Structure formats: structure tokens, C-alpha cells
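The values are calculated or read from the model by the stated rules, or taken from the named source; none is laboratory data. Being a predicted model, the structure only gives us computed values, none of them experimental. Ideal geometry is used to build each Cβ from the backbone, glycine not excepted, and the neighbour counts take in all protein chains shown.
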Amino acid sequence: MSLLRRAPIRSSLAIALIALPAFAFAADSDGQSVYESVCIACHGSGVDNAPRFGDQRQWKPLIREGLNELVPAALRGIRKMPPKGGKPELSDEAVARAVIYMANAGGARFTDPGPEDVARWRKKADARRK
Ligand code: HEC
């Protein structure tokens, strides 16, 4: 009897362990997680005139510039924004996804980036002066 009662607990632990690597991966590259762990510090409230999350009026002209401007700016840094928001350990793709997440919250409809997009944005960031 007691053995039977313990079994479901053990299997749910097993499920949690299997799910863990997938979760850890999502936390690095999912745009929302990156935004909530890094970018929100400035873009949540608009520190130093950082375009505020969800503020469509502020995001509209940025969205019009397009991801080819916004992502390299976020990778390289722009004026008071440090490169990658001050977290150099973030992958280029994670930063790109966070940009897309923020832009979409501001009214854009950008889709997930492909590896060729990320490579192009990295090239542009390297060629760019801060
Ligand atoms: C330390 C504060 C800070 C953090 C953290 C930060 N930003 Fe920014 N960000 C700024 C500021 C300030 C600006 C406005 C720069 C300007 O135009 O003068 C900005 C502007 C931007 C822009 C608009 C760039 C353009 O072309 O005008 C994007 C896109 C952006 N940030 C993305 C991000 C992403 C993605 C993250 C998280 C990985 C992030 N930021 C984290 C301060 C920050």
C-alpha cells in the first residue's frame, strides 16, 4: 500500500528532471525570459529614455527602422544602452529574440529569426560605431 502511494511522487520527479534541460534552454533564448531577466531593468520604466515596453507611440518609429537597425544597435549598444544590455554572456540570438519580443509588444509583428538573420545582424553590429 505505502509503495503504491509513493510511486506517483517518484514519477512526477522523473518528469520534472526530464523537463529541466528544456526549461534551461528556453530561459536563455526565449525573448520574453531575456526581457524579463535583463532588458526590463531599463525598458520597463524607461531609464535614460529607453523606449518603454508596450509603449506603442515610442516604438512606432523604431519598428519602422526595422530589425536590421534595432538588433545591431542592441548587440553593439547605443548611447546610454550598453552592449547586450550589459550582459555579454547572452547569445546574439537571445538578444535578437528579446528585441523582437519588445518590438511586438510595441505593435510590430516580427517573426522568429533564422540563423542567417542572426549572422547578418552580428556583421552589422561589428561594423557599427557605438
Ligand atoms: C542599462 C539600461 C538598459 C538595458 C539593461 C537595456 N537597454 Fe535597451 N536601451 C537603453 C537605452 C537608454 C536606450 C535608448 C538609447 C538611445 O536611443 O539613446 C535603449 C534602446 C534600445 C533599443 C532601440 C535601439 C535603437 O535603434 O534606437 C533596443 C532595440 C533595445 N534597447 C533593446 C534592448 C534589449 C533587447 C535589452 C535586453 C537584452 C536591452 N535593450 C537592455 C537602455 C537599456
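Considering only residues of the stretch 111-130 that are of a type in the set (A, V, I, L, M, F, W, C) and surrounded by fewer than 18 Cβ atoms within 10 Å (Cβ to Cβ), which is nearest to the chain's Cα centre (by Cα)?
If we take residues in the stretch 111-130 being of a type in the set (A, V, I, L, M, F, W, C) and surrounded by fewer than 18 Cβ atoms within 10 Å (Cβ to Cβ), then ALA119 is nearest to the chain's Cα centre (by Cα).
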*Could you tell me which residue of the stretch 56-96 is farthest from ASP30 (Cα to Cα), considering only residues that are within 9 Å of the ligand (Cβ to nearest atom) and β-branched (Val, Ile, Thr)?*
ILE78
*Name the residues in the stretch 56-72 that are within 21 Å of ARG120 (Cα to Cα), part of a helix (DSSP H, G or I) and out of contact with any Leu (no Cβ under 9 Å at 6 or more places or on another chain), would you?*
ARG64, GLU65, LEU67, ASN68, VAL71, PRO72
*Of the residues SER45, SER91, which is closer than 19 Å to ASP126 by Cα, surrounded by fewer than 18 Cβ atoms within 10 Å (Cβ to Cβ) and either touching a Gly at 6+ places or on another chain (Cβ under 6 Å) or of a type in the set (Gly, Ala, Ser) (or both)?*
SER91
*Answer with yes or no whether ARG109 is modelled with pLDDT under 95, more than 8 Å from the ligand (Cβ to nearest atom) and not in a helix (DSSP H, G or I).*
no
_I'd like the full set of residues that are touching a Lys or Arg at 6+ places or on another chain (Cβ under 6 Å) and within 20 Å of GLY114 (Cα to Cα), limited to the stretch 64-90._
PRO72, ARG76, LEU90
_Residue in the stretch 1-42 that is surrounded by the most Cβ atoms within 10 Å (Cβ to Cβ), counting only those that are modelled with pLDDT under 55 and under 23 Å from ASP92 (Cβ atoms)_ = ALA27
*When you go through (1) more than 9 Å from the ligand (Cβ to nearest atom); (2) in a helix (DSSP H, G or I) one by one for PHE53, which number turns out not to apply?*
(2)
